[in-house]
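See structure below.
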Amino acid sequence: MQDKDYMRLALQLAKKGCGLTAPNPMVGAVIVKDGRVIGQGWHEKYGQPHAERNALADCTADPRGAVMYVTLEPCCHYGKQPPCVDAILAAGISRVVIGSADPNPLVDGKGAAILRSHGIEVTEHVLQDECDRLNRVFFHFITTKRPFVVMKYAMSMDGKIAAYTGASRWVTGETARNHVQQSRLQYSGIMVGIGTVLADDPLLSCRIAGGRNPVRIICDTHLRTPLQAQVVTTAKKIPTILATCCADQSRHTAYIEAGCRILCLNSKDGHIDLSRLMERLGEEQIDSILLEGGGTLNWAALESRIVQQVQAYIAPKIFGGETAKTPVGGAGVPDPNAAFRLKNSRIFRLNEDFLIESEVDYACSPGSLKKLEP
């Protein structure tokens with residue numbers, strides 16, 4: 001087996017931490033000696049030992065002189081756990097193969113440099129694209145202190161998210177809907193606007209057995225969320241944040257007593273300042289958000305430049321209807337050249353449906369041709 005083969009194994013291990021390590025990265029490690037895997041581990045849960053230490057603890061033979069394959073550059077600072085470079089040095093590992101560099105300012109090449117300074121051979125950038133993709137959320141959060149936002153919607157082949165009557169269950173099939181539940185498990189938060197709450201009364205939970213529910217964030221400028229809404233009546237079981245511009249403390253009381261948290265923010269262009277909301281949520285260590293809003297919130301999110309990725313689930317159906325809703329509403333762009341640009345698109349087949357996953361390229365997106373914040 002070659003370096004890439006062992007790194008693929010480390011990637012498979014890293015994915016086992018999905019939904020459990022935030023705001024830390026997902027990391028896998030494999031230790032090989034004399035052509036045989038003698039230890040493997042992954043970062044299993046936030047606050048617990050890192051992948052490198054778990055792999056060393058799993059060793060079935062003396063790791064001295066062995067090679068360690070790790071998907072992310074080993075840390076060299078004290079946090080919830082001690083530096084992994086110390087454990088590697090103490091174990092007598094002779095070579096370390098790294099997938100991704102760690103952009104954390106506390107690491108940022110220093111982990112690899114320390115290993116080299118102690119005579120350990122270091123090979124970097126093995127399966128880097130795959131390793132980088134695994135931790136795109138962590139890389140964004142650690143460098144910006146803001147959540148990585150994924151705008152997700154399901155639509156018909158003619159771009160409708162509901163029939164002209166408003167009926168939307170179900171646009172896509174069961175396989176695609178199950179895939180969405182996996183996403184809810186993966187991301188720390190899930191965000192919708194008040195329009196979605198009033199129209200659908202969603203629970204916004206993860207329906208995977210044994211799964212972890214994301215923090216629910218409701219963008220409610222004027223605090224109109226009904227007290228009988230599911231997101232309110234279940235707030236003592238599932239963390240729920242109401243982001244509002246309503247500063248009337250007397251109106252907050254009933255929601256707080258129900259278990260909700262209130263984030264009071266200034267308004268911008270008639271709605272919540274979404275950029276400031278992202279800063280506040282980052283301070284709460286919410287590193288990622290699945291945006292399941294309607295057209296109004298989706299447009300506001302794009303204009304505020306808070307969206308990093310778009311996930312479009314497309315069903316092979318035609319709804320028609322001049323008044324049928326589309327995924328992104330708002331004012332829209334005045335000209336095709338002003339469109340928000342997407343890049344690095346990937347297409348997945350989910351039984352009869354399709355998922356197109358793309359990154360938002362703000363560098364090439366004039367947006368609505370208004371002056372947008374960086």
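The values are calculated or read from the model by the stated rules, or taken from the named source; none is laboratory data. Note that this is a predicted model, so its numbers are computed, not measured. Here Cβ is always computed from backbone atoms with ideal geometry, including for glycine, and neighbour counts include all displayed protein chains. With ligands, DNA and RNA removed, areas are computed over all heavy atoms of the protein, side chains included. Shrake-Rupley method; radii C 1.70, N 1.55, O 1.52, S 1.80 Å.
List of remarks:
- Helices (runs of 4 or more DSSP H) within segment 80-141 that include 1 or more residues open to solvent by less than 60 Å² (accessible area, probe 1.4 Å), closer than 30 Å to ILE306 by Cα and touching a residue at least 12 places away in the same chain (Cβ under 8 Å): 128-134
- You will find that of PHE354, PHE340, the residue that is buried (at least 20 other Cβ atoms within 10 Å of the Cβ), touching a helix residue (DSSP H, G or I) at 6+ places or on another chain (Cβ under 9 Å), of a type outside the set (A, V, I, L, M) and free of Cβ contacts under 8 Å to residues at least 60 places away in the same chain is PHE340 and no other.
- Any hit, segment 152-174, residues being without any contact (Cβ under 8 Å) to a residue 24 or more places away in the chain, outside any loop (DSSP other than H, G, I, E, B), touching a strand residue (DSSP E or B) at 6+ places or on another chain (Cβ under 9 Å) and open to solvent by 60 Å² or more (accessible area, probe 1.4 Å): no
- In the set (1) surrounded by fewer than 19 Cβ atoms within 10 Å (Cβ to Cβ); (2) under 21 Å from the mean Cα position of the chain (by Cα), ALA300 fails one condition alone, (1).
- Residue tally, condition among the small types (Gly, Ala, Ser) and under 24 Å from LEU9 (Cα atoms), over segment 100-144: 5
- Of all residues making up segment 14-32, the number that are within 31 Å of the chain's Cα centre (by Cα) and either open to solvent by 50 Å² or more (accessible area, probe 1.4 Å) or over 22 Å from ASP132 (Cα atoms) (or both): 3
- Looking across segment 33-79, the residues that are open to solvent by less than 10 Å² (accessible area, probe 1.4 Å), over 24 Å from PHE138 (Cα atoms) and assigned to a strand (DSSP E or B) come down to ILE38, GLY39.
- In segment 219-238, the qualifying residues are those that are in contact with a Pro (Cβ under 8 Å, 6 or more places away or on another chain) and of a type in the set (A, V, I, L, M), and the one that is surrounded by the most Cβ atoms within 10 Å (Cβ to Cβ) is VAL231.
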